[in-house]
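Every number here is computed from the coordinates shown, using simple stated rules; none is lab data. What you are looking at is a predicted structure, and each value in this text was computed from that prediction instead of being measured. Positions of Cβ are backbone-derived with ideal geometry, glycine not excepted, and every protein chain shown enters the neighbour counts.
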Amino acid sequence: MNVHKKILCFFENTNPTKKETDIALLAVRIAVGLFFVSFGYGKLFGAPGLEGFTGMLTANGFPMPGVFALLVGIAEFFGGIAILLGVFTRFSAFWLTVITAVAWATIKGFSFGFQAEGNIDLLALGLTIALLSMGPGAISLSAHMKKDSAAGGQQM
């Protein structure tokens, strides 16, 4: 294969290998995991904290703002950790997709554009949907545990 074809194949390949897909999923999991761990940590332990986040939910008319603030903080922090590790990925991605969609629709008003705050929510929404549909990939704790379980079952 000549150099021109190799370059075209690299930039226009619509059929990535399993290894390329797994590396891409790992990169997405790291970005999404760190994003949600940092936001969940701020809600639970840092700034704005539960009081600040509850106040924001109250100001935006959410019912039971204290309960939702705690649930969102827990989902973001522990869901982000789960996604980083590659365990309960689809479960965590589902709830983080719901949280992000609600935040984007209600707090940010479906905003997006050159300087709109909603851009990061839209990006997080797309990435959580990707993880929801694809799962954690082979470079994950879940895949590792599945391999160990399969190997253990064959040794009997």
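Measuring spread by the Cα atoms of the chain yields a radius of gyration and Dmax of 19.1, 63 Å.
Relative to the longest principal axis of the Cα atoms of the chain, the long axis of helix 3-12 makes an angle of roughly 30 degrees. At a Förster distance of 22 Å, what's the computed FRET efficiency of ASN119 paired with ALA31, Cβ-Cβ distance as r, to 0.05? Step by step, r from the Cβ atoms, then E = 0.90.
Selection among LEU57, SER149, TYR41 by position relative to the dipole of the chain gives SER149 as farthest towards the positive end (Cβ unit charges, Cα centre).
Nearest 20 debye, what's the magnitude of the dipole of the range 1-88 about its Cα centre given +1 on Lys and Arg Cβ and -1 on Asp and Glu Cβ? Walk me through the numbers on the way to the answer.
Numbers: 6 positive and 5 negative charges, 73 e Å.
Result for the range 1-88 is approximately 360 debye, rounded to the nearest 20.
Using Cβ point charges alone (K and R +1, D and E -1), the dipole size of the chain about the Cα centre works out to roughly 480 debye. Ordering ALA69, LEU122, VAL28 by Cα displacement along the dipole of the chain toward the positive end leaves VAL28 in first place; charges were set at the Cβ atoms of Lys, Arg (+1) and Asp, Glu (-1).
Mind telling me which of GLY79, GLY61, GLY33 comes out most flexible in a GNM of the chain, alpha-carbon contacts under 10 Å? The residue with the greatest mean-square fluctuation here is GLY61. Here is how the number arises for the chain: DSSP H runs of 4 or more residues each give -39500 (n - 2.57), the sum is divided by the residue count, and the result at 222 nm is -24500 deg cm²/dmol.
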